[in-house]
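Report on the structure given below.
The values are calculated or read from the model by the stated rules, or taken from the named source; none is laboratory data. Values in this document were obtained by computation on a predicted structure and should not be read as measured data. No Cβ is skipped: glycine too gets one built from the backbone with ideal geometry, and neighbour counts run over all protein chains shown. In case anyone asks, the SASA skips ligands and DNA or RNA and just uses the protein heavy atoms, side chains included. Shrake-Rupley method; radii C 1.70, N 1.55, O 1.52, S 1.80 Å.
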Amino acid sequence: LIPYKGVDQLIEAAESIQSEVAVVIAGGGPLEAQLRAKLASSSAKNRVFIAGRVSEEVLNSLFAHADIYVMASVKRSEAFGVVLLEAMAHSLPIIATNISGSGVPWVTQNGLTGVTVAPRDPKELGRAIDDLIANRKIRAEYGNAGRQRFESMFTEERMIEATMNLYSRLLSRRYQRFCDVG
């Protein structure tokens, strides 16, 4: 729970959500007390739960029982969003912010594995949550596409393969330049 994660934006978004949902925020950090205070005075206090730091077992259970995963980050400090890969591995559709200059929109793939929304726009974030909750078919399509994307690009085996291919190409170019010079 740090500034660039935009958890305050998620709490504000929850105030405008029309669907019957519970928002569970897992994680700890320096903003936890401040966010709990904000939540206490929010109209969303009965639907948002700050779980704090959780074990890997609890986190996996939360992923297993979730309908969607929301990343409300607001700054490029959220360079990639590894947690998006965890959500994709659990076949969850994603709502993430379209952070210019970060890898988040590339991972999320708006309209394929989920939806991207403008950062710092809690109303748009709330609408996106309502829209996905209302459409089970789209949630399933996004979740399945996310799982496929994870399997095709982000498993340990695929990452090792891609890294080795990159090294091979770089070494081949270097060797070619060496031969060209000699």
Query raised in the report: Using 0.36 nm per residue, how much length does the chain from L59 to T155 gain when fully extended, once their Cα-Cα distance is taken away?
Result: 32.7 nm
Query raised in the report: Leaving out same-chain residues fewer than 8 places away, which lysines sit with a Cα under 30 Å from that of K38?
Result: K5, K75, K123
Report task. Using only Cα atoms, tell me the angle between helix 122-134 and the longest principal axis of the chain; keep it within 0 to 90° and round to the nearest 10. Result -> 90
Query raised in the report: Summing +1 for each Lys or Arg and -1 for each Asp or Glu, what net charge is found among the other residues whose Cβ lies under 12 Å from the Cβ of I68?
Result: -1
Requested in this report: Assuming R0 = 35 Å, can you tell me the calculated FRET efficiency for the pair K45 and N98, based on Cβ-Cβ distance, to the nearest 0.05?
Outcome: 0.80
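Could you work out the relative contact order of the chain, using alpha carbon pairs under 8 angstrom and six or more residues apart, expressed as a whole percent?
So the answer I get is 21 percent.
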**Report entry** Net lengthening on full extension, A162/A37 (0.36 nm per residue, minus Cα-Cα)
**Finding:** 40.5 nm
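Given a 1.4 angstrom probe, I'd like the percentage of the accessible area of the range 8-114 that is carbon and sulfur, rounded to a whole number. Don't jump to the answer; show the numbers that get you there.
Details: 2590 of 5310 Å².
Heavy-atom surface of the range 8-114 belonging to carbon and sulfur, 1.4 Å probe: 49 percent.
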Query - For the range 23-50 and the range 79-140, distance of Cα centres in Å - result: 21
Query raised in the report: Quick one: helix 56-65 against the long Cα principal axis of the chain, what's the angle to the nearest 10°, folded into 0 to 90?
Result: 70
Report task. Write down the accessible area per residue of the chain in Å², having rolled a 1.4 Å probe over the full set of protein chains. Result -> 59
Report summary line: In the range 28-130, the chymotrypsin sites (Phe, Trp or Tyr not before Pro) that sit in a DSSP loop and have at most 15 other Cβ atoms within 10 Å of their own Cβ are F80
Query - Label-point separation, A66 to D130 (7 Å along Cα→Cβ), nm - result: 2.2
